[in-house]
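Everything on this sheet refers to the single structure shown next.
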Amino acid sequence: MKILFLCHRIPYPPNKRDKLRAFYILKHLSKNNEIYLVSLYDDKKDKRHETALRKYCREVHIFYANPLFSKLKAFFWLLLFRSATAGYFYSGRLGKKTRQLARERSFGAVFVCSSSMAQYAADLRAGIKIIDFVDCDSAKWGQYGAFHPFPASLIFALETRRLSAYEKNVIGKFDHALVTTDMEKRRFSEFVRIDKFTVVENGVDVNFFRPIEQASGNKIIFTGAMDYFANVDGVIIFCRKALPLIRREVPGADFYIIGPNPVRAIRSLAAIPGVHVTGFVEDLRNYFGKASVCVVPSFRIAAGIQNKMLEAMASAIPVVTTSAAASSLKAAAYSCISIADSAEEFARRTITLLRDRELAGRMGHSGRRYVEAYHDWGRNLSVLDKMLGTG
């Protein structure tokens, strides 16, 4: 089957949450189908990844979106009483190419990654149309608004309403809709019918992320895109409130903030004793092998399945996280992770794992077994084959 695959960000390399999910879906679908990829990219260095994607795609068409111009478009669309998110990811060139391909090819299916790309596929003709919302983005904007002062809070509130109306409108244009967790499905149920929704949980490449013999030091790690507000917010709270308590009891404890594009607020944390900001790293496993504990401090904002948590668990590293972040996991996970909802409790849980290596080892290996049981990409994505009639 010929499938038109639309992405708001080039799905390679799979080094951040939305790109990771899109890449593994694309890779899975390419096994039995011809993929025609159309995508945006916002970093000129990403142009080189077009070659890697041709391994999985019959055709690859990517279009550069200048981040500054995209922000101006988003603001302009907001003034026009439209969704800023849809405006940010609008590209006339991408839309023209999408329509051209639809005329010249007979697509059996259209697969859309994120609500922002629905605008290109809503009126296209295809046998089956699937949209992967991933998360309920309008609800996420609402969470952001709660932690920003005026006038940003007003802008976020406006975008919450505009984007939820947009999401409600586009769902009628698709045959199937995907989300990552039952919680995200419940969020959508507040304003749309959810009979088209299917939960497809994220997976982990368990052959890539494997248990590594843990070093004897006291290294704590966090991994994730460091220009993403939820990550920035949680890491700052951890550094300011939990880490000093940890270092008081474990003086040699070091905290490594690992992830691309660290914003100024994150870079400034490197001035705190024991904090190391790495930026982008080629291979996370080099740091997982030195880590004693992985922290996911989603104190105030958590959405969907936290891939950083699953990757650490797959590597048999014990995880300390909040109940909000853990709520996306199945009940079986609660014996594999340590839950803490305040900075003080977070510090205590982390100190316990740093001191009790036997406990940390048991928890780490339980996490590995959990990921193997519930987060295998092939098993989780097999539902797509049934939707498409190719399974």
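Here, each number is a calculation from the coordinates, and none is a lab measurement. Quantities reported herein were computed from a predicted structural model and do not represent experimental measurements. We place every Cβ from the backbone using ideal geometry, glycine too, and count neighbours over all the protein chains shown.
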How high is the FRET efficiency from residue 331 to residue 106, r the C-beta distance, R0 56 Å, rounded to 0.05? 0.80
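Compute the relative contact order of the stretch 219-374 as a whole-number percentage, counting only Cα pairs closer than 8 Å that sit 6 or more residues apart in sequence.
In percent, rounded to a whole number, it is 24.
How large is the charge dipole for the stretch 219-374, taken about the Cα centre, if only the Cβ atoms of Lys, Arg (+1) and Asp, Glu (-1) carry charge, to the nearest 20 debye?
Details: 19 positive and 13 negative charges, 44 e Å.
Once rounded to the nearest 20, the dipole reads 220 debye.
Determine the shape class of the stretch 69-143: with a ≥ b ≥ c the square roots of the Cα gyration tensor eigenvalues, call it rounded for a/c under 1.5, and otherwise prolate if a/b is greater than b/c, oblate otherwise.
Details: a/c = 3.10, a/b = 1.51, b/c = 2.04.
Judged from the Cα gyration tensor, the stretch 69-143 comes out oblate (a/c at least 1.5, b/c at or above a/b).
Given just the C-alpha atoms of the stretch 219-374, how large is their convex hull per residue in cubic angstrom?
Working: hull volume 14.7 nm³, N = 156.
In the stretch 219-374, the Cα hull volume divided by residue count equals 94 Å³.
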Using just the C-alpha positions of the stretch 188-295 as equal point scatterers, what log10 of I(q)/I(0) does the Debye formula give at each q in 0.14, 0.16 1/Å? -0.66, -0.79
Centroid-to-centroid separation of the stretch 126-158 and the stretch 45-109 [C-alpha atoms, Å]: 19 Å
Per-residue Cβ neighbour rank within 10 angstrom, fewest leading, 321, 98: 98, 321
How far, in degrees from 0 to 90, does helix 377-388 lean away from the longest principal axis of the Cα atoms of the chain, to the nearest 10? 20 degrees
Kindly express, to the nearest 10 degrees and within the range 0 to 90, the angle between helix 17-29's C-alpha long axis and the longest C-alpha principal axis of the chain. 60 degrees
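Cβ neighbours within 10 Å, averaged per peptide: list 350-358, 133-141 in order, most packed at the top. Don't jump to the answer; show the numbers that get you there.
Values: 350-358: 17.6, 133-141: 23.7.
Put in order of decreasing packing, that is 133-141, 350-358.
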List the aspartates and glutamates whose Cα sits under 18 Å from the Cα of residue 73, skipping any in the same chain fewer than 8 residues away. 42, 43, 159
Between their Cα atoms, which of 96/173; 97/168; 19/219; 16/45; 97/185; 129/386 are more than 21 Å away from each other? 97/168; 19/219; 97/185
For residue 2, list the aspartates and glutamates whose Cα falls under 14 Å from its own Cα; do not include residues on the same chain fewer than 8 positions away. 34, 59, 104, 385
Virtual spin-label span in nm between residue 208 and residue 245, 7 Å along Cα→Cβ: 3.5 nm
By how many nm would the segment from residue 58 to residue 173 lengthen if fully extended, with 0.36 nm per residue of separation less the alpha-carbon distance? 38.8 nm
Rg/Rg_globular for the stretch 325-391, with Rg_globular taken as 2.2 N^0.38 Å and Rg from C-alpha atoms: 1.52
0 to 90° range, to nearest 10: angle between helix 343-355 axis and the chain longest Cα axis: 70 degrees
Take 226, 313 and order them by how many other Cβ atoms sit within 10 Å, fewest up front. 226, 313
Using the reciprocal of the averaged 1/r over all distinct C-alpha pairs, how large is the Kirkwood radius of the stretch 110-245 in Å? 17.7 Å
